[in-house]
1. Of everything in segment 70-120 that's of a type in the set (K, R) and closer than 12 Å to R39 by Cβ, which residue is surrounded by the most Cβ atoms within 10 Å (Cβ to Cβ)?
2. Taking segment 121-146 only, how many residues are surrounded by fewer than 19 Cβ atoms within 10 Å (Cβ to Cβ), in contact with a helix residue (DSSP H, G or I) (Cβ under 8 Å, 6 or more places away or on another chain) and part of a loop (DSSP other than H, G, I, E, B)?
3. Is there a residue in segment 152-170 that is away from the ligand (no atom under 16 Å from the Cβ), under 20 Å from T18 (Cα atoms) and not in a helix (DSSP H, G or I)?
4. Of all residues in segment 36-61 being among the β-branched types (V, I, T) and touching a residue at least 40 places away in the same chain (Cβ under 8 Å), which is surrounded by the most Cβ atoms within 10 Å (Cβ to Cβ)?
5. Quick check, is S176 within 14 Å of the ligand (Cβ to nearest atom), under 23 Å from I6 (Cα atoms) and outside any helix (DSSP H, G or I)?
Amino acid sequence: MSGFVIAVDGPAASGKGTIATRLAQTYDLAMLDTGLLYRAVGVLLARHGGDFDDVEAATRVARELTADMLTDPAFRTREAGEAASRVAVHPPVRLALREMQQDFARRPDGAVIDGRDIGTVIAPEAPAKLYVTARPEVRAERRFKQLRGQGEAVTFEDILEDIRKRDERDGGRADSPMIQAPDAVLLDTSEMTIEQATDAARRIVEAAR
Ligand code: C5P
């Protein structure tokens, strides 16, 4: 790893995506949203009629995935998040997506990478690591508003249930579980506006520079 890498991990709807985007702007770094890779694998697999538990089929999709395939708005839906966490439990799928992520981490200027296992597995040497979280109810409220804004007919209770299930699956899987790296700084955004959370994230990064 040569450039300055900022690893931003944490659960769904914690604010990590927005924080990562803003850090990338502040430090003029390229950004990779690794959740999108898993979302793409889940959605494309389902589109081809595949089963989420079919490890071989899911791995084939992951191996064939390229960066230019990531722009489909279907990858941003609630269903896609669920599909992503189903395929993300398979070690060969994770392995197939690892190289693309580690190549990104080796960019000469550095990068901001957000996900679940960036500070632990993808870029353990990253000089700046954040673990962004918030209470499940707060995250559900944020995701609910976002999905409603996209026109999805969802209820708050459905979303809270999704978030709880996803936390359990992502945190409980054997391969690269969602966990705070020992050297990551915890940022709980439950009581923060996005501006406050971004300022706090910048201070954490400044301390690591
Ligand atoms: O971050 P996002 O909600 O888009 O991620 C969707 C799902 O992809 C997560 O719930 C998780 O199961 C999986 N994921 C992962 N490792 C990453 C990023 C995402 O397992 N680095």
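Readers should treat all values here as calculations from the given coordinates under stated rules, not as data from a laboratory. Note that the coordinates shown come from a computational prediction; the quantities given were computed from them, not determined experimentally. Using ideal geometry, Cβ is built from the backbone for each residue, glycine included, and neighbour counts are taken over all protein chains shown.
1. First, pick out the residues of segment 70-120 that are of a type in the set (K, R): 76, 78, 86, 94, 98, 106-107, 116.
Filter once more, keeping what is closer than 12 Å to R39 by Cβ: 76, 78, 86.
Details: R76: 16, R78: 17, R86: 21.
The qualifying residue surrounded by the most Cβ atoms within 10 Å (Cβ to Cβ) is R86.
2. Number satisfying all stated conditions: 1.
3. no
4. From segment 36-61, those among the β-branched types (V, I, T) are 41, 43, 55, 59, 61; that's our starting set.
Pick out the ones that are also touching a residue at least 40 places away in the same chain (Cβ under 8 Å) and you get 41, 43.
Numbers: V41: 30, V43: 21.
By that ranking, first place goes to V41.
5. So S176 fits the description; yes.
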